[in-house]
Every structure is written in C-alpha cells, then in structure tokens.
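Peer 1: I have a structure I would like to understand better, so I am pasting it below and will then ask my questions one at a time.
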Amino acid sequence: MASNGLPPSPPALPPIPPNIGSITASQLIGSLLNFYLFGVLSVQVYVYRTCFPQDKTSIKAMVYSLFLFMALSTCLNAADAYFWYAAGYGNLIQFSQAHISPFYTPIGGSIVASVIQLFFAYRIWIIKKSALPLSIVIAVVSIIQAIGGMGGGIKAYVAANQDHDELRTVLVYMWLIGDAVADLMIAATMTVLLTRASMNSQRQSNDIVKRIVRLIIETNALSASVALIGLILFAGVPGTNYFVCPTQILPGIYANTLLVTFNNRAFANNGRNLSQQAASFAEPNYPRPIAPMTFAPNPNRVLVTTQKVTDMDTSDISLNRLERGPSSDKPLSAWND
C-alpha cells in the first residue's frame, strides 16, 4: 500500500500513429469549412435584411432564427475544435470522443435540413395546388431524415459520448438517404413546374425563370451531392471517420441554399438593370435592388419589380416592371404567403 501522499499518475497515452493525419483531417477540414460557410451566411443575411425588409414576419423570423441557430452551432464547433486540437493535442483518447458534436451534427443538421425542405415543399404547393401529393411525399421524407439525424445524435450521447463509430446505425442511413432524396425531389419538381410556367411566355420573363431553375438545380444538387458523399464514405469506408467532414458542413450548405434562393430575387431581372448596377458600383450612389421578383400562385403569371434608390436623392425612385397576365390580377408573392 503506497503512502507517499502523491496523486496517482495519469494513465499513459497511446502513441501517436503514423497515419495521424488521416485520422484527424476530417474533423479539422469540416470545422474550417463550417467557419467559412458561416461567414458566407452572415453576408447573405445582411443582403437579405437590406434588400427585403418588406417580407412577411414569418419569413424573416425563419431567416433570423436560422442565422442564430447556425451562429450557436458554429460556436459549439469551435469549442469542439479546441477540445480536440488544443486541450486534447496528441491525446487520441480525447480525440475519439464525440464531445458536443452530435448537437450540431447530426441533430442540428437534420433539423435545419428539415425546416428548409419543408419550406420548399410548401412553395411547391403554393405554385401548383395539384402538386399537393408530391409536396406531402417530400415532407414525409424530410421528417424521416430528421428523425434519423436526431436519433443518431441522441444515440451518441446515450452511448457515453464515446467513439464517433457509435453513429453507425440505421438512423444515420435514414438521415443521409432522406437528405439526398428530398433534395433531388425538390430540384426535379421545381424545375418541371417553373419550366412549364415559362412556356409561351415573353422572352425576358422566360430568361428569368430559366435563371431560377438553374439556381434551384445547382443549390439542391449541391446539398444532395454532399449528403451522398457522406453516405458513401460512411458505408464504404468502415472503421474511419472520413464521413464526418461532409456531414459536418451540411447545415451550413442548407442555410446558405435558402438565403441564396431568397437573395436571388433581387437580381432576377439581370440584363440591363444589373449591367447598369455593375457599371456604377464604384460610384457613391450605386443602385440598390430592394424590390424582389415575386411568383404568383398562378404559374402563368410572373411579376418582376426592381427599385432604384440613390444616396443623393432618396425621393428619386424609379420602378421597372415586367408583368405577364391580366393587369387586373392582384400580384401575389409565393415567397411571402
């Protein structure tokens, strides 16, 4: 029986393996990309606040709540990075702990994805009422992926917050497969609806719809591709944590997808107006697009409005409107309903 009064020595740490880079790179790269995506989101939120102060309160509440949630998630990610790479430098036992990462991935990530996917499902129903069954299918898939993500994250906490491999359950498959399927369905449905709405339309309004279709395809295809990459790494490379990086950045991609979609309304009528704006950006009174393009629930009608305000004379306001459909119809906004 030892009685020297000294505290017991800590257990010896496992030696650092030669492949330490491949073990630690996924979380590090994912964290760095998360910080980058939050910076982009901050700019997007500023643009949204500047350009669209007239949006409905519910839409603005969703945008700002999403921003605050992503700010909290980024702070938690920074705390994890400190836990893994600073306080736990060289400690593989500490690095193997999930710590608080399940909160922002996959719990927070699945919630953010579900909110945005449900929003797009509602937009699809607003654009075309007969697409309600498809909107319901998208909503169900979105809820299933949210259940999978939240279940996987809760399991990590319940399992004594140990190794990241504790997340390798059917819940993770529900989460990642549901993400990809919902995004692909949204991209395909919106493309079909908007393309049909642009048929037999004026050339300029048709170009606007094509821009929107391209944006929807690009943004939803990006999030679906990242989810599929995470799924492939998760299922195809067992015993590694390579899947952490793509799954870690999914919430930031989804949040930026929503804000890019909103802010694109300010530049939908690109052509002449945007070329004039680009030419005058160096001037102190450059134009600010503050009136967005709006879709009416009737897909045969497109309304584009841009408003120009100068710093020199705030009373000098000019409106350029591109409108198709009966002039007696009251303009409605599919984004603000």
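Peer 1: Does the stretch 245-265 include one or more residues that are buried (at least 20 other Cβ atoms within 10 Å of the Cβ), closer than 30 Å to N19 by Cα and touching a Lys or Arg at 6+ places or on another chain (Cβ under 9 Å)?
Peer 2: no
Peer 1: Given the conditions (1) surrounded by 16 or more Cβ atoms within 10 Å (Cβ to Cβ); (2) at pLDDT 95 or above, and given that M190 satisfies all but one, which numbered condition is not satisfied?
Peer 2: Looking at each condition in turn, M190 falls short on (2).
Peer 1: Please pick out the residue among A98, A86 that is assigned to a helix (DSSP H, G or I), out of contact with any Cys (no Cβ under 9 Å at 6 or more places or on another chain) and either buried (at least 19 other Cβ atoms within 10 Å of the Cβ) or among the aliphatic types (A, V, I, L, M) (or both).
Peer 2: Working: A98 fails: assigned to a helix (DSSP H, G or I).
Answer to the selection: A86.
Peer 1: Hey, among L37, L66, L28, L41, which residue is in a helix (DSSP H, G or I), surrounded by fewer than 17 Cβ atoms within 10 Å (Cβ to Cβ) and modelled with pLDDT of 90 or more?
Peer 2: Exactly one residue qualifies, and that residue is L28.
Here is a yes/no grid of residues against (1) assigned to a loop (DSSP other than H, G, I, E, B); (2) at pLDDT below 70:
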residue	(1), (2)
T261	no, no
N264	no, no
R272	no, yes
P289	yes, yes
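Peer 1: Which numbered condition trips up S65, out of (1) small (G, A, S); (2) in contact (Cβ under 8 Å) with a residue 24 or more places away in the chain; (3) farther than 25 Å from S26 by Cβ?
Peer 2: Among (1) small (G, A, S); (2) in contact (Cβ under 8 Å) with a residue 24 or more places away in the chain; (3) farther than 25 Å from S26 by Cβ, S65 violates only (2).
Peer 1: D80: farther than 30 Å from N264 by Cβ, in the same structural domain as F243 (by TED's automatic domain parsing), surrounded by 14 or more Cβ atoms within 10 Å (Cβ to Cβ) and charged (D, E, K, R), yes or no?
Peer 2: Details: farther than 30 Å from N264 by Cβ: yes; in the same structural domain as F243 (by TED's automatic domain parsing): yes; surrounded by 14 or more Cβ atoms within 10 Å (Cβ to Cβ): yes; charged (D, E, K, R): yes.
So D80 fits the description; yes.
Each row is one residue, and each column tells you yes or no for (1) at pLDDT below 90; (2) closer than 20 Å to N34 by Cβ.
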position	(1), (2)
W84	no, yes
G90	yes, no
Q97	yes, yes
I111	no, yes
V137	no, no
S142	no, no
A159	yes, no
D165	yes, no
R168	yes, no
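The values are calculated or read from the model by the stated rules, or taken from the named source; none is laboratory data. The model shown is predicted, which means the values in this text are computed figures rather than measured ones. No Cβ is skipped: glycine too gets one built from the backbone with ideal geometry, and neighbour counts run over all protein chains shown.
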